[in-house]
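Enquirer: One structure is given below, represented as structure tokens, and several questions about it will come after.
What follows is calculated from the coordinates using simple rules that are stated; it is not laboratory data. Everything quoted here is computed from the prediction, not taken from an experiment. Glycine gets a Cβ as well: all are built from the backbone with ideal geometry, and neighbour counts include every protein chain shown.
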């Protein structure tokens, strides 16, 4: 099982819709998870940290499910500007940050 | 958030030449910086951890003699790709952790350097 695994997509979603994607992780001891956003040919930018109690920031909600070892990202009322690649980030057993391959999201007008 | 810069943002070089990439933390001190490489449609792959004042720690499969890392100060780390070849063409990104007393070890990324080796 890969340390951090994501569905690569692409997810093609009409503007205004709600979209959600998950990311599974293998290190059950990992304490830190993040969602990063990466635009084409740009560096990743932190979108949200993922807390055990869940985290909501405007239209974005991140949740952690330890029992099933996955984190999720929900985007409500999607905007054209939400089109990007979303990278799931966890920690491996050596306490190093591991990136998933990313999920590509295309918001359609 | 904290700012990390990289220079150059892109470089084209001939096969066999060496290329140096600089990574600077502009408004914080970073005892540890990270170097990643990202091929098209692939994830960021950690190459090495750069430690200020000591040797870098390389990930398995990364040649330390080919990718020279120097972290001479708390705000600057450099990556030198020696004798670059076309297969080294990639997007190189550095990052630094600004602990700032926070609970989570957020990393701040530089804008990346796109290397093309002809």
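Enquirer: How many angstrom lie between the Cα centre of region B:17-81 and the Cα centre of region A:90-109?
Expert: A separation of 20 Å, based on Cα centres.
Enquirer: For the residues A:68, B:15, what sequence is obtained by ranking on other C-beta atoms within 10 Å, fewest first? Could the numbers behind the result be given before it?
Expert: Values: A:68 8, B:15 12.
Least to most surrounded, the residues fall as A:68, B:15.
Enquirer: Here is a further query. Taking region B:1-47, how much of its Cα-Cα pair set, in percent, is spaced more than 18 angstrom apart? If you can, show how the numbers build up before the last one.
Expert: Details: 506 of 1081 pairs.
The calculated P(r) of region B:1-47 puts 47 percent of pairs beyond 18 Å.
Enquirer: Let me ask another. What list do you get for B:85, B:7, B:71 if you sort them by fewest beta carbons within 10 Å? Write out the running numbers ahead of the final one.
Expert: Details: B:85 11, B:7 14, B:71 23.
With the fewest neighbours first, B:85, B:7, B:71 line up as B:85, B:7, B:71.
Enquirer: Run through the DSSP bridge list for chain A and note the antiparallel percent, rounded to the nearest 5. Don't jump to the answer; show the numbers that get you there.
Expert: Details: 34 of 38 bridges.
If we restrict to bridges inside chain A, about 90 percent are antiparallel.
Enquirer: What value does region B:8-118 have for Rg/Rh, both radii from Cα atoms and Rh as Kirkwood defines it? Each step should come with its number before you reach the end.
Expert: On the way: Rg = 13.7 Å, Rh = 14.2 Å.
The Rg/Rh ratio comes out at 0.96.
Enquirer: Out of all Cα-Cα pairs in the protein assembly as shown, roughly what percent, to the nearest whole number, are more than 24 Å apart?
Expert: Working: 11663 of 25651 pairs.
It works out to 45 percent of all Cα pairs.
Enquirer: Once you place label points 7 Å from the Cα toward the Cβ at residue B:63 and residue A:77, how far apart are they in nm?
Expert: Going by the 7 Å Cα→Cβ label model, 5.4 nm.
Enquirer: Please arrange A:56, A:43 by counting, for each residue, the other beta carbons lying within 10 Å of its beta carbon, fewest first.
Expert: Details: A:56 12, A:43 21.
Least crowded to most crowded, the residues run A:56, A:43.
Enquirer: Follow-up. Which percent of Cα pairs goes in each bin when the distances of region A:28-109 are cut into 10 angstrom slices starting at zero?
Expert: In whole percents, the pair-distance histogram is 17, 50, 27, 5, 0.
Enquirer: How many times 2.2 N^0.38 Å is the alpha carbon radius of gyration of region A:1-43? Working shown, then result.
Expert: Details: Rg = 13.3 Å, N = 43, 2.2 N^0.38 = 9.2 Å.
Taking the Cα Rg and dividing by 2.2 N^0.38 Å, one obtains 1.45.
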